[in-house]
1. Quick one: Kirkwood hydrodynamic radius for the range 1-160, alpha-carbon pairs, angstrom, one decimal?
2. With an 8 Å Cα cut-off and a minimum separation of 6 or more residues, compute the relative contact order for the chain in percent.
3. Of all DSSP beta bridges in the chain, what percent run antiparallel (nearest 5)?
4. What Kirkwood Rh does the range 233-287 have if only Cα atoms enter the pairwise 1/r average? Answer in Å.
5. After finding the eigenvalues of the alpha carbon gyration tensor for the range 162-208, what semi-axes result from the square roots of 5 times each, listed largest first in whole Å?
6. For the chain, with a Gaussian network of springs between Cα atoms less than 10 Å apart, report the residue from GLY320, GLY50, GLY142 with the top mean-square fluctuation.
7. Treat the count of other C-beta atoms within 10 Å as a stand-in for reagent exposure and order THR41, THR68 from fewest to most.
8. Return the Rg/Rh value of the range 365-443, two decimal places, where both radii are evaluated on C-alpha atoms and Rh is the Kirkwood radius.
Amino acid sequence: MRITVVGVGYVGLVTGLTLAEQGEYVTLLDVDPVRIARLRTGESPIYEPGLEELLTAQVALGRVTFSTRYDEAVPGRDLVFLCVGTPSNAMGATDLDQLSRALEALVPHLDPECTVVIKSTVPVGTNRWAKDLLVTRRRQAGLPWENISFVSNPEFLREGSAVWDSRNPDRIVIGATEDHAFRTMERLYEGAQAPILPVLPEEAELIKYASNAFLAQKISFINLMADLCEAHGADVRRVAEGMGLDPRIGPRFLAAGLGFGGSCFPKDVRSLVHQLKAKGLSSIILDETLRINRARVSLAVRKLTGALGGLANRRIALLGLAFKPNTDDIRESQGLKIAEALIAASAQVTAYDPEAMANAAERLPELQYAANPEEACVGADAVVVATDWPVFAELPWERILADMRSKVILDCRNMLDGAAIAELGGRYMGMGVPAAGRSDQDG
Ligand code: UGA
């Protein structure tokens, strides 16, 4: 099939390239000429394991082309995927500006039999609104519109494993009302080893929000339990393990710590709050999910303040700035929020992240950046682990502790061996796990 993907962020780029890998001819269209120019040179504008290799391979096979123009990239295509950004507006509702602009731009160029697939995360009802808008414009322009169909096909890939997720989906949700659209999508995904779920567009839209909000809620729930564990000297990791053995609960997304960040969970939960309120329904369960998540950052800062007896002029090494490991994405990063709070409290912060330092430096130029984790920790009063990059567990902690001024380790992701740190003379604190080691105040 001949496909154009509009919007080459995480979702668009990964989707387009995996469709090409599957044998389709794909044009990647974006209105940002810089992004397209970088892609043309074989450079991925985002860090994502395996993405650049996939790009190089598909370009070499001649299956991928790039464009910044709708008049060039849309005519003659069987399918157009819309993967533009749908950020939060100031009120927390979803901003559909980019989607509106993309739809308007498609109007004169779509083939009369084209299927338009919305992959962007959009509030319930958006697919029907988008179709109405496009049909109205085509009619006004005297263009055929009767056989243009719309599909809601939400994406469930995770940053850091986006290529793998896109190649190995756990489900394919197809929200449509026309048989033609279902058949086209079934043909497109016929090789996939995943259940295909045909649903209404509204159901597809809600499956996406409900999934993200449920996972976010799972994280906030275990973080609430973490606080209760801490109050009783219990270890939330063992509580999570015990819960996760119940197959109805499952072990994943029960890692307590600093809570969730990224470009999806915070914005999608906020959007769902708006969607519930718009229908007069209670959003309390989600309000609380967000509140618990915000409180993780202040809890971490309070713990550090208590351990150091104040933050002003204390030297803090902050390990991790990306919102999760294996990405350079700092959007809504909890670690970055800690950095901001520490700077506001006049601490001297030196940060290190394997991939996200360039992005962080644009947002927080006042932060010091170290070339490696050890350098960040030399002379520090405390080390804060904010992102669970596996490499942080492998650090030479004996040497790091020896080079610190006072030896406080705040492990916001519960990923280090607290007992081992205590044996090396450190004072270990986690989030809902027993503290270990003596504090300076212990005498
Ligand atoms: C999330 C969903 O997992 C994807 O299925 C979805 O497609 C995507 O949003 C999206 O809507 O596009 P992502 O934001 O990439 O993916 O990352 P996750 O792995 O879900 O992690 C989100 C946040 O939760 C991270 O900050 C992570 O550190 C945190 N987290 C995750 C926890 O604090 N505890 C956990 O147990 C799991």
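The numbers here are math on the coordinates, done by the rules we state, and not lab data. Keep in mind that this is a model prediction, so the values were computed, not measured. FYI the Cβ positions are ideal-geometry reconstructions off the backbone, even for glycines, and counts take in every protein chain you see.
1. Kirkwood hydrodynamic radius for the range 1-160: 16.0 Å.
2. 11 percent
3. 5 percent
4. Hydrodynamic radius (Kirkwood, Cα pairs) of the range 233-287 is 13.5 Å.
5. Working through the eigenvalues yields semi-axes of 19, 14, 7 Å.
6. GLY142
7. Fewest to most other Cβ atoms nearby, the residues stand as THR41, THR68.
8. 0.95
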